[in-house]
């Protein structure tokens, strides 16, 4: 794509041959035309975006769970090997290395997810180039590098970027194994699926995706690839069943554990999941990806069928689950790369069908939609949303400075509070039980501090009492509030 768009520069160089300016422009044009230099620039952008202000954001509660798991990695390995295997061991191991070298901090704990997020960009370029062409690979790399959703999860002490990478590698190797009838690709697919599942059971979205894909391949519309046979199907599903049993053993052994985790509360709905998913991927990218999917499915491209299923099914399943149990839009994150690749295919296809005179206009429109819009969203993430989380670190630092040692601290992020206050008695107000009453706390002889972050998992009666009776001490927009109830 970029090679074709440089025809005016080449014309200029030819007309100005011999001049120093022409030689400099010619050298620049050659660099721009080199796909590896282009990939280097894109990867540099990805690195800068993911490292920028990395250590400034406060930890949130799930990050502390992952951090604790990384710190206890060797203990889990010796005491409970199955737990070690099933609790995101790759992400935890890399985090453990980082905090061992640099010490424990927000910056060092997030360094491993940043590294995985950055490496995902050139890796996806290589795989998508093989699936389609160089132009599609480069656009995929740009979109992934600029994706605000991918930037956010790359700056979290969580496993989602690792899960995303392994999930899609499993998907691509599965496609090549079936297309080319190569067992080694199918085995690699199962290996990466195992890696992905060890990060989170969300990787098992892979199962309905390939089942639907194999069913569609039985029709005459898409044709049948060379590797569609019982041997390969057995290679795919036998390890999959084993993985499923190993990683879901706790839930198989005690089904009530699932209900204890996922049926305690439900704070979302299908509509909320869909809204947050659209915000995460970006509406323009979704429109372009949908156009590409419809057009190329009509051309009977099997890879586009697989990508479309991988783009849609995780979203549909998560929306359905949210109607009966706890679910979150981040569970749909595994579909991000499929949408990006579909949008990239659509962009290169549009470029091919546009006249030479209209290509610059097309480049401008695509640059606005696919580059400058994500750039603006990233800018807002850094400057206004402040990492897209409440600044609980600053909130608890303020409480620590202005409160007495024996004051009571209550928070809907009590785990985060205990971490930053270096204590273990921050009271959790995320309870629906009646034993915790703000009126009883108000009768104490010390001040009571309420640190409230953005969270819907709060007893509404408790929150209402705090808002009506305590004094607002400090606030950070709608993300964080500090109240104090002074003792008489």
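Go through 104, 161, 151, 118 for me and flag whichever is over 21 Å from residue 333 (Cα atoms) and either at pLDDT 95 or above or surrounded by fewer than 23 Cβ atoms within 10 Å (Cβ to Cβ) (or both).
After applying the criteria, what remains is 104.
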(request) Could you tell me which of the residues 49, 73 is in the same structural domain as residue 164 (by TED's automatic domain parsing), closer than 30 Å to residue 453 by Cα, surrounded by 15 or more Cβ atoms within 10 Å (Cβ to Cβ) and over 22 Å from the mean Cα position of the chain (by Cα)? (result) 73
(request) Using the structure shown, decide if residue 100 is more than 16 Å from the chain's Cα centre (by Cα) and assigned to a helix (DSSP H, G or I). (result) yes
(request) Give the range 175-189 a look and list any residue that's farther than 18 Å from residue 224 by Cβ and buried (at least 23 other Cβ atoms within 10 Å of the Cβ), or say none. (result) 189
(request) Give me a count of the residues in the range 428-443 that are in contact with a strand residue (DSSP E or B) (Cβ under 6 Å, 6 or more places away or on another chain) and either part of a loop (DSSP other than H, G, I, E, B) or at pLDDT 90 or above (or both). (result) 1
(request) Among residues belonging to the range 406-422 that are in a loop (DSSP other than H, G, I, E, B) and at pLDDT 90 or above, point out the one that is surrounded by the most Cβ atoms within 10 Å (Cβ to Cβ). (result) 407
(message) Residues that are modelled with pLDDT of 90 or more: list the helices (runs of 4 or more DSSP H) wholly contained in the range 36-92 that include at least 3 such residues.
(response) 61-71
(request) Test residue 394 against the stated conditions and say whether it is under 24 Å from residue 50 (Cβ atoms) and either touching a residue at least 60 places away in the same chain (Cβ under 8 Å) or buried (at least 16 other Cβ atoms within 10 Å of the Cβ) (or both). (result) yes
(message) Looking only at the range 201-226, count every residue that is crowded, with 17+ Cβ neighbours inside 10 Å and either at positive phi or not assigned by TED's automatic domain parsing to the domain that holds residue 317 (or both) and tell me the total.
(response) 0
(request) Hey, could you check the range 227-262 for residues that are modelled with pLDDT of 90 or more and not in a helix (DSSP H, G or I) and say which is surrounded by the most Cβ atoms within 10 Å (Cβ to Cβ)? (result) 227
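The values are calculated or read from the model by the stated rules, or taken from the named source; none is laboratory data. Predicted, not measured: the structure shown is a model, and the values here were computed from it. Cβ coordinates were reconstructed from backbone atoms using ideal geometry, including for glycine residues, and neighbour counts include every protein chain displayed.
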